[in-house]
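Let me begin by presenting the structure, written as structure tokens, before commenting on it.
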Amino acid sequence: MTQSEELFERARRVIPGGVNSPVRAFKSVGGTPRFIRSARGAYMEDVDGTRYLDYMGSWGVMLLGHDHPAIRGALERALFRGTSYGAPSAGEVELAERIVEMVPSVDVVRLVNSGTEATMSAIRLARAATGRNRVIKFRGGYHGHGDAFLVAAGSGAATLGVPSSPGVPAETAAHTLVAEYNDLESVGAFFDAVGDDIAAVIVEPVSGNMGCIPPVEGFLPGLREVCTRHGALLIFDEVMTGFRVGPTSAQGLYGIDPDLTTLGKVIGGGLPVGAYGGKEELMRLIAPDGPVYQAGTLSGNPLAVAAGLAALGYIQEHPEVYEQVEALGAAFDRGFEEMSGRVSVPLVWNRVGAMGSLFFSDTPVTDWPTAAASAGDRFNTFFHAMLDREIYLPPSAFEAWFWSAAHTADEIGRTLASAEEVISGMTDHE
Ligand code: KE4
């Protein structure tokens, strides 16, 4: 029995599913999750001593790679100043100032502890600001585990086949309208029907939670227009795309001005930080400026803020990070394009910036139905064959691959060669 198997057995006795977040459990791909004991740069090492080339990157957090010296140094210095105060600290101001400076649409921002807290709070704010109740999300979109979002959700919810979770009151779910990603007509239909009660549209500007699916031409501008026309707020959930698809996130990349933005992952440098922010007149409604309540014991935690500041500071001082991850992404583009002509299994590779997904599909993957059609046994076979080659992909067809400035062209080459070796061995019916 491996040490991961032993730990998994122990874990399942005292933790639901043996994990603290469902998608880590390998439930859809099968097998035993690897228990990790350390990570550095582009690699993670499990408790049995196997070293993996990592394309999870803590689900998108590690744009700079694991254990980056700038982040470790900031944490070491912060440790000597205590771990939590429950009172404001300078680092929180600096991180907020940096987010305001780096995210085009954000004038005022509130720090929280996770992406879920950020999206839950953004929805509450949108409802308060508009006096309306309904929210439009997209099938396969994932915005954390807040009640309003566990309706036709992607990521781990879709992976486990529970896109709409038990425990969410029907009255709550009734306020969540589910449209189709990349389909403006499906959004327009809701606005035509109940537009005067729609508080917001929340969207992953690049979908990452049904695999990586870029917005089609006109989709994001169309959302901006229909929200403005009906007095609804446009919320860009950039928890995953923030600082990952480019230095000004997806809103800068696509030139869209959302009313609210949610952030997480990269901005915490690996520690728990989420944030929501946007136009001043909206954010001033948040307590204690205004009546919309939201709070958190560890929000703006000095250690987490130190790591986040180090991450964003490094990104600002080293813009070459984006040239590096873009070049690695382009290598994947070329590699999979060429591979498609050599293997019999149909492949679709979608990528934006430093996130991408490989689909076993003979049609373009542009929405939930085409993403869902490509999931299944073939992905699971591929996942484990790559894991056996010490290449750790996200354990779900409804997730994106993430690479970092610590990955090298040689490692991308090795990944492509391993992928081709595995896929060439697949038969059409597998
Ligand atoms: P957290 O509460 O997990 O920090 O963030 C929720 C969230 C919100 N919005 C988007 C676009 C997200 O991708 C996420 C979380 N992403 C998943 C991975 N697809 C987290 C992994 C997990 O659930 O363990």
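The values are calculated or read from the model by the stated rules, or taken from the named source; none is laboratory data. In this text, all values refer to a predicted model and were calculated from it rather than measured experimentally. Note: ideal-geometry Cβ built from the backbone for every residue, glycine included; neighbour counts use all protein chains shown. When the accessible area is computed, the model is the full protein with side chains, heavy atoms only, and any ligands, DNA or RNA have been set aside. Shrake-Rupley method; radii C 1.70, N 1.55, O 1.52, S 1.80 Å.
Rounded to the nearest 20 debye, the dipole size of the chain about its Cα centre is 1100 debye, using +1 on the Cβ of Lys and Arg and -1 on the Cβ of Asp and Glu. Once backbone amide H atoms are built at 1.01 Å from N, Tyr52 has Met44, Glu45, Asp46 as its partners under 5 Å, excluding neighbours fewer than 5 places away on the same chain. Among the helices of the chain (complete DSSP H runs), which have Cα atoms covering no less than 24 Å along the helix axis and a Kyte-Doolittle mean of at least -1.0? Helices meeting the span and hydropathy rule in the chain are 320-340. The chymotrypsin sites (Phe, Trp or Tyr not before Pro) of the range 196-281 include none that meets both criteria, a DSSP state outside H, G, I, E and B (loop) and at most 13 other C-beta atoms within 10 angstrom of the site's C-beta.
Rounded to the nearest 5, what % of the DSSP beta bridges within the chain are antiparallel ones?
Rounded to the nearest five, the antiparallel share is 60 percent.
Using protein chains only and a probe of 1.4 angstrom, how many square angstrom of Ser105 are accessible, to the nearest 10? Ser105 exposes around 0 Å² with every protein chain in place. Within straight-line reach of Lys27, meaning a Cα separation under 27 Å, sit the following lysines at least 8 residues removed in sequence or on another chain: Lys137, Lys265. Once you have a ≥ b ≥ c as the square roots of the Cα gyration tensor eigenvalues for the range 1-155, tell me rounded if a/c is under 1.5, and otherwise prolate or oblate according to whether a/b is larger than b/c. Since a/c reaches 1.5 but b/c is at least a/b, the shape of the range 1-155 is classed as oblate.
Sorted on the mean count of surrounding Cβ atoms within 10 Å across their residues, most packed first, peptides 143-153, 187-197, 20-30 read 143-153, 20-30, 187-197. For the range 261-313, a/c is not less than 1.5, where a ≥ b ≥ c are the root eigenvalues of the C-alpha gyration tensor, and a/b tops b/c. That puts it in the prolate class. Scalar couplings 3J(HN,Hα) for the range 134-141, obtained by applying the Karplus form with A = 6.51, B = -1.76, C = 1.60 to θ = phi - 60°, are 7, 9, 9, 10, 10, 4, x, x Hz; x denotes Gly and Pro.
Taking every DSSP helix (H) stretch of at least 4 residues in the chain, weighting each as -39,500 (n - 2.57) and dividing the sum by the residue count yields a mean residue ellipticity at 222 nm of -12000 deg cm²/dmol. Summary value for the chain: 23 percent relative contact order, contacts being C-alpha pairs under 8 angstrom separated by 6+ residues. Taking a ≥ b ≥ c as the square roots of the Cα gyration tensor eigenvalues, the range 133-199 comes out oblate, since a/c reaches at least 1.5 and a/b does not exceed b/c. Would you mind telling me the share, in percent, of accessible area of the chain contributed by carbon and sulfur at probe 1.4 angstrom? Solvent-exposed carbon and sulfur of the chain make up 52 percent of the total. Remark: the range 70-317 carries a charge dipole of roughly 580 debye about the Cα centre, counting +1 on each Lys and Arg Cβ and -1 on each Asp and Glu Cβ. The residues of the range 70-317 expose on average 38 square angstrom of accessible surface per residue, using a 1.4 Å probe on protein heavy atoms. Here the extension length gained between Glu76 and Ser424 equals 120.6 nm, from 0.36 nm per residue of separation less the Cα-Cα distance. Residues whose amide H comes within less than 5 Å of that of Ala200, counting only those at least five positions distant or on another chain, are Ile136, Leu233 (H built at 1.01 Å from N in the peptide plane).
The residue among Ala307, Phe219, Val266 whose Cα reaches farthest toward the positive pole of the charge dipole of the range 70-317, with charges on the beta-carbon of Lys, Arg, Asp and Glu, is Ala307. Near Leu298, once Lys and Arg are set to +1 and Asp and Glu to -1 for all other residues with Cβ below 13 Å from its Cβ, the sum equals -2.
For the range 29-43, putting each phi into the Karplus relation 6.51 cos²θ - 1.76 cosθ + 1.60 with θ = phi - 60° gives couplings of 8, x, x, 9, x, 7, 7, 8, 10, 6, 8, 8, x, 8, 10 Hz, in residue order, rounded to whole numbers and with x for Gly and Pro. Close amide H pairs (under 5 Å, H built 1.01 Å from N) link Leu271 with no residue at least 5 positions away or on another chain.
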